[in-house]
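Notes to accompany the following structure.
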Amino acid sequence: MAAPHASLDTLPSELIWEILQYCYCHERTNHIPKRYSTLNSIVLVNKRLREYGLRLLLREIKLPKCEDFLKKVEQFREHLAHRTCDVRVIQTGRTPNDSFTTSPWIWQRILVRIPFSRLQSFSCFDVVTNRHALSMFWLCPDITKFELIWDQSCGFPDFGPWPGLETLRMHFLGELSLCRYPSTIPSYDMLTALCVFEKTHSSWLCVHLQEADFPNLRVFSMQHATSLPPLMYQFIHRHPTLMEVNISLHPDNDDIAFSFSGLQKLIDGTGTWMRLKDPKEKENLDVIGWGHDAIPSDATFITFSAFAFARVPLHPEATQWQDPRGSPHPRYTATELALEVDSQDEWERMGFTVTRLHHFLETMSPRFPALEVLRLGYRTNYHDWHFAALMKHCAESLRQWPRLRKLAFCWGDLHNFTWRSWRRSFSFSLDSVEPPVNLPYAMLDDQPTNQVRWYPRLKEGEPYTLEHVRKIYGLSDAAFADVVRDVESVLGETLNLDEAMDDPRLLMRAWQAFCEDSHVAPMMRLLAKNCPTLEEIEWYPVGPFFVDYAVRWLWKVHRERNSTGVRMVNGELTYKGSLRGNAPHFEVLVGQELDSVIRDRQTVAY
């Protein structure tokens, strides 16, 4: 007897809703774009599923341009008015960059308020917003997140109508003829994340750093900061709830380089950064940094213009500190740290002992006993070293880091850096630690002239082709034949030169095949073996601070099921034009902000 057929219409509404919510949450976790999600298929099954599916699909509206958003507003007004309450998130464009539209004229086309009364998040990354644009959201009282590009020459934002605001991300631009300040400062009682990018100096930010209170602030990020470092440090100090901080100075703000000892005091809460008002109190301000030409008194000789850290309180009272002075004992310990360390070459030539990458790993573990994530971007070159010795030194030091899960590092140029104490007799650069990409600083003799002559538009960090090598290095027919022979030997294949000459990935494939199994993988495995908690290693063979396009080698550590033994390590090499996309920048970020950048990089938004 055939089993009776049942319709989906017979299922309880609560069950259908739970099924669709599970699908929706699962796909968001795996970064599957809504447009291609299974929900789009589900809504076609029958009318009842369509009713539930549409509610979930309309929760997030992500569009490439703000103009598309305005069209969507009209579409909702005319045909989907009953669906406006389903919309929770709206985003136009991607993370801000210099290509966004600078004119806010487009907002004048909206003559009435935004109809999405239940809206919780609005992000506009392609059009400058102003006070008129912000007023369009007055009928959206539930907004908890704003991400905006703001032209402060047209006035300052007022977020008073949204007392429940939790995340505020502002990208300021526009020159001010006068140093004006907001007339009032609203309550920010619910704000947990304040992230600012200063393309130009922001008076709004300046007055907020001095006078505004954020009693629940957890994440603070200032990129391209033009504000005075003491102002930023004191802001961090007087907000003891801060657990994640990301700071980078504006390129024009070159009067100071941050000191490592000052950063430690900022992290643990023991630093005093502001002059006390009581004349009876003895002033004892801690050192924030030095001028770039000064010789630091800090024994580490570590200075930087960008840093980030995450920390946790050592006791419940740590986040209740109200004294403008630093506490007598540490109140926090760092769990994540990221630094972009200035070049130490000049100090080393002057005879000072500087703290290089391997020295940092060797000596700093007692200062950061709970560190789980470490990102060290060094500009200092290594002379008279080879890769195996450096990695063995680092691996030995990693025994002292009991909680480290992720390690990212790079250092200065690798010109003349070798894999071991001897160099194999391969021609060109297959046996060099420096990958075969365009690095003008490493060129010799007539090579720069040849590049300008033949390839004036070749970007720094762009992979070489065989044709690039032949012309830029001025190889004779015999020398070029040696290069081809070596590439064929490493790859184990015969090249068709008609196809191979302009292949932008060929030499990088050969370089990877030459060094991966024999040099890089064994050292990555050694790092993982000596640090049982290590999960991920991120190495930049071409440092991101010197070139337009970096080269990154990301290694994942796989351990035995019932022990910390290393089962295997596998790497993913990315560079300009690689099959996996361009290599990402070396981010001097931690925590939420780093996760946000990675998520934005991995997600197809539209």
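The values are calculated or read from the model by the stated rules, or taken from the named source; none is laboratory data. None of the values given here were measured: they were computed from a predicted structure. Here the Cβ positions follow ideal geometry from the backbone for every residue, glycine too, while neighbour counts run over all protein chains shown.
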message: Name the single residue that is surrounded by the fewest Cβ atoms within 10 Å (Cβ to Cβ) among those in the stretch 221-256 being without any contact (Cβ under 8 Å) to a residue 40 or more places away in the chain and in a helix (DSSP H, G or I).
response: Leu231
query: Which of the residues that make up the stretch 263-278 are farther than 22 Å from Asn253 by Cα, modelled with pLDDT of 80 or more and in a loop (DSSP other than H, G, I, E, B)?
result: Gly269, Thr270, Gly271, Thr272
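Considering the stretch 385-423 alone, what residues qualify as being part of a loop (DSSP other than H, G, I, E, B) and touching a residue at least 40 places away in the same chain (Cβ under 8 Å)? First the steps, then the outcome.
We begin by selecting, within the stretch 385-423, every residue part of a loop (DSSP other than H, G, I, E, B); these are 385, 401-405, 411-417, 419-423.
Trp401, Pro402, Arg403, Leu404, Arg405, Trp411, Gly412, Asp413, Leu414, Trp419, Arg420, listed by residue number.
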statement: Restricting the stretch 279-326 to residues that are among the charged types (D, E, K, R) and surrounded by 16 or more Cβ atoms within 10 Å (Cβ to Cβ), the one modelled with the lowest pLDDT turns out to be Asp298
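Would you call Leu414 at pLDDT below 90, in contact with a strand residue (DSSP E or B) (Cβ under 9 Å, 6 or more places away or on another chain) and buried (at least 20 other Cβ atoms within 10 Å of the Cβ)? Steps first, answer last, please.
Values: at pLDDT below 90: yes; in contact with a strand residue (DSSP E or B) (Cβ under 9 Å, 6 or more places away or on another chain): yes; buried (at least 20 other Cβ atoms within 10 Å of the Cβ): yes.
Taking the combined requirement at face value, the residue satisfies it.
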Filter pass, Leu205 being surrounded by 17 or more Cβ atoms within 10 Å (Cβ to Cβ) and free of Cβ contacts under 8 Å to residues at least 40 places away in the same chain: yes
field: Failed item, numbered, when Asp268 is tested on (1) surrounded by 19 or more Cβ atoms within 10 Å (Cβ to Cβ); (2) touching a helix residue (DSSP H, G or I) at 6+ places or on another chain (Cβ under 8 Å)
entry: (2)
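Where residues in the stretch 79-133 are aliphatic (A, V, I, L, M) and over 29 Å from the mean Cα position of the chain (by Cα), which of them is modelled with the lowest pLDDT? Can you show your working first?
So in the stretch 79-133, the residues aliphatic (A, V, I, L, M) come out as 80-81, 87, 89-90, 106, 110-112, 114, 119, 127-128, 133.
Checking which are over 29 Å from the mean Cα position of the chain (by Cα) leaves us with 80-81, 106, 110-112, 114.
Numbers: Leu80: 77, Ala81: 80, Ile106: 73, Ile110: 66, Leu111: 57, Val112: 64, Ile114: 78.
Among those that are aliphatic (A, V, I, L, M) and over 29 Å from the mean Cα position of the chain (by Cα), it is Leu111.
Name the residue, out of Ala442, Ala510, Ala500, that is of a type in the set (Gly, Ala, Ser) and crowded, with 21+ Cβ neighbours inside 10 Å. Write out each step before concluding.
Numbers: Ala442 fails: crowded, with 21+ Cβ neighbours inside 10 Å; Ala500 fails: crowded, with 21+ Cβ neighbours inside 10 Å.
Going through Ala442, Ala510, Ala500 in turn, the sole match is Ala510.
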Considering residues of the stretch 142-165 that are in a strand (DSSP E or B) and among the hydrophobic types (A, V, I, L, M, F, W, C) only, the residue modelled with the highest pLDDT: Phe146
task: Kindly indicate whether any position in the stretch 330-340 is over 30 Å from Phe546 (Cα atoms), in a loop (DSSP other than H, G, I, E, B) and at pLDDT 95 or above.
output: yes
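Pick out the one residue from Ser327, Ser365, Ser305 that is under 27 Å from Ala225 (Cα atoms), outside the structural domain of Val551 (by TED's automatic domain parsing), polar (S, T, N, Q) and part of a loop (DSSP other than H, G, I, E, B). Steps first, answer last, please.
Details: Ser365 fails: under 27 Å from Ala225 (Cα atoms); Ser305 fails: part of a loop (DSSP other than H, G, I, E, B).
Criteria check complete, one pass: Ser327.
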message: If a residue must be modelled with pLDDT of 95 or more, among the hydroxyl-bearing types (Ser, Thr, Tyr) and within 17 Å of Leu134 (Cα to Cα), how many such residues does the stretch 166-196 contain?
response: 1
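Whether any residue in the stretch 550-557 is of a type in the set (Lys, Arg), out of contact with any Gly (no Cβ under 6 Å at 6 or more places or on another chain) and within 17 Å of Asp413 (Cα to Cα) is what I want to check. Walk me through how you get there before you give the answer.
Kept after step one, since they are of a type in the set (Lys, Arg), are these residues of the stretch 550-557: 552, 556.
Next, from what is left, pick out any that are out of contact with any Gly (no Cβ under 6 Å at 6 or more places or on another chain): 552, 556.
With within 17 Å of Asp413 (Cα to Cα) added as a condition, the list becomes 552.
The answer is yes; a qualifying residue exists.
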query: Quick one: is Tyr549 of a type in the set (Phe, Trp, Tyr) and farther than 19 Å from Leu390 by Cβ?
result: yes
statement: Selection from the stretch 198-223 of residues closer than 13 Å to Asp151 by Cα and among the polar types (S, T, N, Q) yields Thr200, Ser202, Ser203
task: Scan the stretch 202-220 residue by residue and report those that are assigned to a loop (DSSP other than H, G, I, E, B) and within 22 Å of the chain's Cα centre (by Cα).
output: Leu217, Arg218
task: Tell me which of these Leu371 doesn't satisfy, since it passes every other one: (1) under 19 Å from the mean Cα position of the chain (by Cα); (2) modelled with pLDDT of 95 or more; (3) assigned to a strand (DSSP E or B).
output: (3)
query: Among the strands (runs of 3 or more DSSP E) contained in the stretch 530-606, which hold 1 or more residues that are in contact (Cβ under 8 Å) with a residue 60 or more places away in the chain and not aliphatic (A, V, I, L, M)?
result: 536-542
- prompt: Would it be correct to say that Gly377 is at pLDDT 85 or above, farther than 20 Å from Phe307 by Cβ and under 26 Å from the mean Cα position of the chain (by Cα)?
  reply: no
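Residues checked against (1) surrounded by fewer than 20 Cβ atoms within 10 Å (Cβ to Cβ); (2) at positive phi; (3) modelled with pLDDT of 90 or more:
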position: Arg403; (1), (2), (3): yes, no, yes
position: Glu434; (1), (2), (3): yes, no, no
position: Val437; (1), (2), (3): no, no, yes
position: Gly474; (1), (2), (3): yes, yes, no
